[in-house]
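Asks: What follows is a structure written as structure tokens; I'll ask about it next.
The values are calculated or read from the model by the stated rules, or taken from the named source; none is laboratory data. In this text, all values refer to a predicted model and were calculated from it rather than measured experimentally. Ideal geometry is used to build each Cβ from the backbone, glycine not excepted, and the neighbour counts take in all protein chains shown.
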Amino acid sequence: MALRYEAGVRHRRVVRWLAMGAAVLCWQGAASVLAASSLDLEDRVREIASELRCVVCQNLSVADSPSDLAKEMRNLVREQVQQGKSREEVQAYFVSRYGEYVLLSPPKRGFNLLVWGLPFLAVVAGGGLVYLVTRRWTEQTPSHGPAVDPAYSERVRRELKERERV
Amino acid sequence: MSWRRLLIPLASVPVILLLAYGFRTDPKAIPSPLVHKAAPDVRLKAFDGGEISLAGLKGKPVVLNFWASWCYPACYEEAPLLEATWKRFKDQGLMVVGVDIQDKEANALEFIRRFGFTFPNAPDPGSKVSIDFGVYGVPETFFIDRQGRIVSKHVGAVTPAVMEAQVQALLKGQ
């Protein structure tokens with residue numbers, strides 16, 4: 001009877017420890033999941049905000065600006081991400097309010113393609129120009145030396161010979 | 001050979017045109033995509049406790065002004081004009097609404113008292129309404145017609161001439 005009682009106590013104690021261990025594990029798991037998801041959220045907010053122009057600054061993104069309006073815009077981005085909105089949907093909201101000006105990189109379509117294409121075009125055109133100019137330079141340089149007065153070259157040869165003899 | 005002599009002047013024409021265009025535009029002026037579109041439906045809680053809903057004002061032309069007590073001197077310059085416009089045209093159905101942005105309540109109330117504003121004014125916690133209207137500075141003023149469409153947007157202090165022309169056009173509109 002006493003033995004069975006003791007075994008029961010031990011059994012209960014083990015169960016209690018197991019339950020406590022499980023609770024700690026659960027709590028830690030939940031905490032890390034929560035931390036990870038809030039980190040994820042902040043990363044998403046930063047990613048989206050870094051592509052939005054702070055409208056009261058000179059060339060700063062909403063992610064980098066310390067201004068009050070940028071802070072409120074970041075809060076709005078966070079709110080919309082929490083509502084499950086995609087990057088494009090959040091961008092579309094800000095574009096509908098501030099126009100494409102609010103995007104730090106102009107969308108690659110229409111007239112904007114000029115902005116994206118011109119630098120490459122300029123590099124290609126510049127390379128072509130350098131090629132043409134250097135080719136002309138090398139063509140103009142004669143492969144054999146310029147015509148020399150035969151009397152002069154004869155004199156050089158003679159003087160060199162004299163020097164060798166000395 | 002003659003075309004080569006023309007090459008440099010011809011190549012500089014588009015560059016000069018681009019610069020001429022660039023230097024004539026104000027880099028700080030952001031064209032609003034909201035003009036000629038329906039005004040966002042916003043709800044505000046006024047300083048006096050009343051509720052302001054833009055949707056509830058449909059049928060009335062609205063002058064919606066964004067201001068702040070720290071916005072000196074532009075907001076101080078146009079404040080008397082806002083109050084005068086409200087007093088002059090309210091009987092004809094015009095609504096003037098002020099939205100105070102990024103401000104301290106005490107300073108805002110002092111601003112309202114100083115200029116004797118009798119039209120409804122409300123703070124904008126979280127700048128939600130400002131962002132909804134694409135506001136990027138103060139003062140900015142939106143002229144909204146009876147159908148709730150934004151007719152035009154004015155950046156900077158509204159001059160009496162602009163206010164007169166805009167309000168008369170709003171009141172004439174059906």
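Asks: For region B:121-147, which residues satisfy the criterion of being in a loop (DSSP other than H, G, I, E, B) and surrounded by fewer than 19 Cβ atoms within 10 Å (Cβ to Cβ)?
Replies: Answer for region B:121-147, where residues must be in a loop (DSSP other than H, G, I, E, B) and surrounded by fewer than 19 Cβ atoms within 10 Å (Cβ to Cβ): B:GLY137, B:ARG146, B:GLN147.
Asks: Quick test for you: out of A:GLU72, A:GLU47, A:GLU88, pick the one residue that is within 11 Å of another protein chain (Cβ to nearest Cβ) and not in a loop (DSSP other than H, G, I, E, B).
Replies: Result of the check over A:GLU72, A:GLU47, A:GLU88: A:GLU72.
Asks: So, one more: Within region B:157-174, which residues are assigned to a loop (DSSP other than H, G, I, E, B) and under 17 Å from B:THR85 (Cα atoms)?
Replies: B:ALA157, B:VAL158, B:THR159 - these are the residues of region B:157-174 that are assigned to a loop (DSSP other than H, G, I, E, B) and under 17 Å from B:THR85 (Cα atoms).
Asks: Determine which single condition A:GLU42 fails, assuming it passes every other condition in (1) more than 14 Å from chain B (Cβ to nearest Cβ); (2) at pLDDT 95 or above.
Replies: (2)
Asks: Follow-up question, since we're still on this one. What is the number of the single condition among (1) within 11 Å of chain B (Cβ to nearest Cβ); (2) closer than 19 Å to B:VAL129 by Cα that A:ASN59 does not meet?
Replies: Among (1) within 11 Å of chain B (Cβ to nearest Cβ); (2) closer than 19 Å to B:VAL129 by Cα, A:ASN59 violates only (2).
Asks: Against the definition (within 27 Å of A:TYR98 (Cα to Cα), within 12 Å of another protein chain (Cβ to nearest Cβ) and not in a loop (DSSP other than H, G, I, E, B)), how does B:LEU18 come out, yes or no?
Replies: Taking the combined requirement at face value, the residue satisfies it.
Asks: Looking only at region B:33-53, which residues are under 20 Å from B:GLN168 (Cα atoms) and buried (at least 16 other Cβ atoms within 10 Å of the Cβ)?
Replies: Listed by number, the list holds a single entry, B:ALA39.
Asks: Of the residues that make up region A:94-109, is at least one under 23 Å from the mean Cα position of the chain (by Cα), of a type in the set (Ser, Thr, Tyr), part of a helix (DSSP H, G or I) and at pLDDT below 95?
Replies: Yes, because at least one residue in region A:94-109 is under 23 Å from the mean Cα position of the chain (by Cα), of a type in the set (Ser, Thr, Tyr), part of a helix (DSSP H, G or I) and at pLDDT below 95.
Asks: Right, another one. Any residue at all in region B:19-26 that's of a type outside the set (Gly, Ala, Ser) and under 19 Å from B:THR141 (Cβ atoms)?
Replies: The answer is yes; a qualifying residue exists.
Asks: I'd like to verify a number: residues in region A:75-85 that are more than 14 Å from chain B (Cβ to nearest Cβ), surrounded by fewer than 18 Cβ atoms within 10 Å (Cβ to Cβ) and not polar (S, T, N, Q), how many?
Replies: Count: 2.
Asks: Okay, moving on. Check off (1) out of contact with any helix residue (DSSP H, G or I) (no Cβ under 6 Å at 6 or more places or on another chain); (2) surrounded by fewer than 15 Cβ atoms within 10 Å (Cβ to Cβ) for A:ALA70 and give me the number that stays unchecked.
Replies: Looking at each condition in turn, A:ALA70 falls short on (2).
Asks: A further question follows. With respect to B:LEU34, is the statement that it is in contact (Cβ under 8 Å) with a residue 60 or more places away in the chain and out of contact with any helix residue (DSSP H, G or I) (no Cβ under 6 Å at 6 or more places or on another chain) true?
Replies: So B:LEU34 passes the test.
Asks: Filter region B:37-51 for residues that are closer than 17 Å to B:ILE101 by Cα, touching a residue at least 12 places away in the same chain (Cβ under 8 Å) and basic (Lys, Arg) and give the result.
Replies: The answer is B:LYS45, and nothing else.
Asks: Answer yes or no as to whether A:ALA122 is part of a helix (DSSP H, G or I), closer than 22 Å to B:GLY134 by Cβ and within 13 Å of chain B (Cβ to nearest Cβ).
Replies: No: the conditions fail for A:ALA122.
Asks: Residues of region B:106-138 being of a type in the set (A, V, I, L, M, F, W, C) and away from chain A (no Cβ under 13 Å), which ones?
Replies: Those that are of a type in the set (A, V, I, L, M, F, W, C) and away from chain A (no Cβ under 13 Å): B:ALA106, B:ALA108, B:LEU109, B:PHE111, B:ILE112, B:PHE115, B:PHE117, B:PHE119, B:ALA122.
Asks: What is the number of the single condition among (1) at negative phi; (2) touching an Asp or Glu at 6+ places or on another chain (Cβ under 7 Å) that B:GLY126 does not meet?
Replies: Here B:GLY126 clears every test but (1).
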